[in-house]
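Student: Input: one structure, supplied below.
The values are calculated or read from the model by the stated rules, or taken from the named source; none is laboratory data. The shown structure was predicted, so the numbers you read here are calculated from the model rather than taken from an experiment. Cβ coordinates were reconstructed from backbone atoms using ideal geometry, including for glycine residues, and neighbour counts include every protein chain displayed.
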Amino acid sequence: MSEEIELTGQIVKHYGSDKGMLIPMMQDLQAECGYLPIGHLRCLAERLDVPLSRLYSVATFYSSFRLAPKGAHDVTLCMGTVCYLKGSPMILEAISREFNVEAGGTTADRLFSLQAVNCVGACALAPVMVVDGKYYDGVTPQSAIEIIQAFPCEEETAEPSAKEGAK
Amino acid sequence: MPTVTIDGQKVRIKKGLTVLDAAKKAGIWIPTLCYHPAVASEASCRLCMVELDRGDWRQLITACNYPVRQDIVVYVSSERAEKARRGVMELLLARAPESRELAALACRMGVEKTHYPSVTESQRNCILCGLCVSVCEQVIGRAAIGFAGRGAERTVAAPFRQASEDCIGCGACAAVCPVGTIKIRLHKDEREIEISPFKSRAKMVLCERCGMPMYSGQVSREAMSKVKIGRKAFTEYLRLCPKCRRTETAERFASVPVRRE
């Protein structure tokens, strides 16, 4: 709790308590925490005397603001023209169904953040999936799931609590 | 005082009032949904569009927030204005297909059905007029709800889509909702008032006589804090439900001996 107060206090002070600087303040908060934690937003709203509903409106309006922490791994699926024609919508659907995550969302166990982007610039490899910067080419709904499933195994040994929490 | 000519009828109104005010004075009906005298007009529903004569061209304007500054000529029942309003109504009907209030208004405007597909479940029956949001912030001063998301996903929600701590359960949002989507639910067993669909609940104050739940406790505290004079009389007033208050008053009168000359 004190950490929330301290961090938001610093940010607010930095902008001279100006309500009009709400967005830069929220950007700083996200840069610090990786996302916008509810507690911090509450603190910020209180300190600026701005309703929490306004902060929530702003946070949900801009797609660059995140209200939940990012997953340990970044899964990016290309939905560009070529990948799209080669079946990336099916891959997206398969991943969404298998891991119960929507595009732009993070799995409940915080292992993966799934993003659907417009083009990763590797059309010759279509359909492309990028996991933590590594490109996978010619992906099928089946192979995409297999590629992603190969990742949590590492996590199990490193952070057994994360997996338990998800169950 | 500027003169507004509406469909040929001339009315004089105070400078700064709106075209809608002028139309009301002239007895001309303009359909409205998001307009409410208690809050600032946002003209978000676009249902009150009328045509403004600009000399060599005519412009569609929203009557509810167009201030009259000089003599102007507007057309409410011109073909273009009516077509524009009907088009808006069709779009609104697609958003709120289950609203009886909206259907009645559509009927009055001569719109029978919509050609547009209906929207997703989460946004269903909300026309996003923002009246509830404005009332909560400007009148009640709580701002417990606001808009969330954007574009096709825009909805009215409490922060984090959880029951809001700022909500006092006054029900003002339900009272102003023009399509009847926000509702007050009473949970008599738990003595709670719920504002649906925002999930917020508040404990209710019971009538001291009959035990009927009357209003949320926070509302009475809020009201008390605003009362400056006659606090005692007001406290007395808040004790009973209207029915019991009548009964008690009647009893009091009955107990007064009548003086006969």
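Student: Among the residues of segment A:45-62, which ones are of a type in the set (Phe, Trp, Tyr) and at the interface with chain B (Cβ under 7 Å from one of its Cβ atoms)?
Tutor: A:56, A:61
Student: Counting only residues that are more than 13 Å from residue A:71 (Cβ to Cβ) and over 18 Å from the mean Cα position of the chain (by Cα), give me the strands (runs of 3 or more DSSP E) lying completely in segment A:90-143 with at least 1 of them.
Tutor: Hits in segment A:90-143: A:134-136.
Student: Which of the residues belonging to segment B:8-58 are out of contact with any strand residue (DSSP E or B) (no Cβ under 6 Å at 6 or more places or on another chain) and charged (D, E, K, R)?
Tutor: Result: B:14, B:15, B:21, B:24, B:42, B:46, B:54, B:56.
Student: Being under 22 Å from residue B:147 (Cβ atoms), within 14 Å of chain B (Cβ to nearest Cβ), touching a strand residue (DSSP E or B) at 6+ places or on another chain (Cβ under 9 Å) and not in a helix (DSSP H, G or I): is that true of residue A:66 here?
Tutor: In short, yes.
Student: Let me ask something else. Looking only at residues that are more than 12 Å from the chain's Cα centre (by Cα) and more than 22 Å from residue A:37 (Cα to Cα) in segment B:164-181, which one is nearest to the other protein chains (Cβ to nearest Cβ)?
Tutor: Across segment B:164-181, the extreme among qualifying residues is B:168.
Student: Within segment B:140-173, track down each residue that is more than 23 Å from residue B:119 (Cβ to Cβ), of a type in the set (A, V, I, L, M) and surrounded by 23 or more Cβ atoms within 10 Å (Cβ to Cβ).
Tutor: B:144, B:168
Student: A further question follows. Give me the pairs: first residue in segment B:134-163 and more than 8 Å from chain A (Cβ to nearest Cβ), second residue in a helix (DSSP H, G or I) and among the aromatic types (Phe, Trp, Tyr), beta-carbon distance under 9 Å, and six or more apart or on different chains, which are they?
Tutor: Sorted first by the residue in segment B:134-163, then by its partner, the pairs are B:154/A:61; B:161/A:56.
Student: Does segment B:231-248 contain any residue that is crowded, with 18+ Cβ neighbours inside 10 Å, within 30 Å of residue B:48 (Cβ to Cβ), in contact (Cβ under 8 Å) with a residue 24 or more places away in the chain and not assigned by TED's automatic domain parsing to the domain that holds residue B:97?
Tutor: No: segment B:231-248 contains no residue that is crowded, with 18+ Cβ neighbours inside 10 Å, within 30 Å of residue B:48 (Cβ to Cβ), in contact (Cβ under 8 Å) with a residue 24 or more places away in the chain and not assigned by TED's automatic domain parsing to the domain that holds residue B:97.
Student: Considering only residues that are away from chain B (no Cβ under 11 Å) and closer than 15 Å to residue B:159 by Cβ, which ones fall in segment A:14-36?
Tutor: Scanning segment A:14-36 gives A:22, A:26.
Student: So which residues in segment B:1-40 are within 24 Å of residue B:140 (Cβ to Cβ) and touching a Leu at 6+ places or on another chain (Cβ under 8 Å), if there are any at all?
Tutor: B:32, B:33, B:34, B:35, B:36, B:39
Student: List the helices (runs of 4 or more DSSP H) inside segment B:89-198, counting only whole elements, that have at least 1 residues being in the same structural domain as residue B:33 (by TED's automatic domain parsing) and more than 24 Å from residue B:39 (Cβ to Cβ).
Tutor: Filter on segment B:89-198 gives B:100-109.
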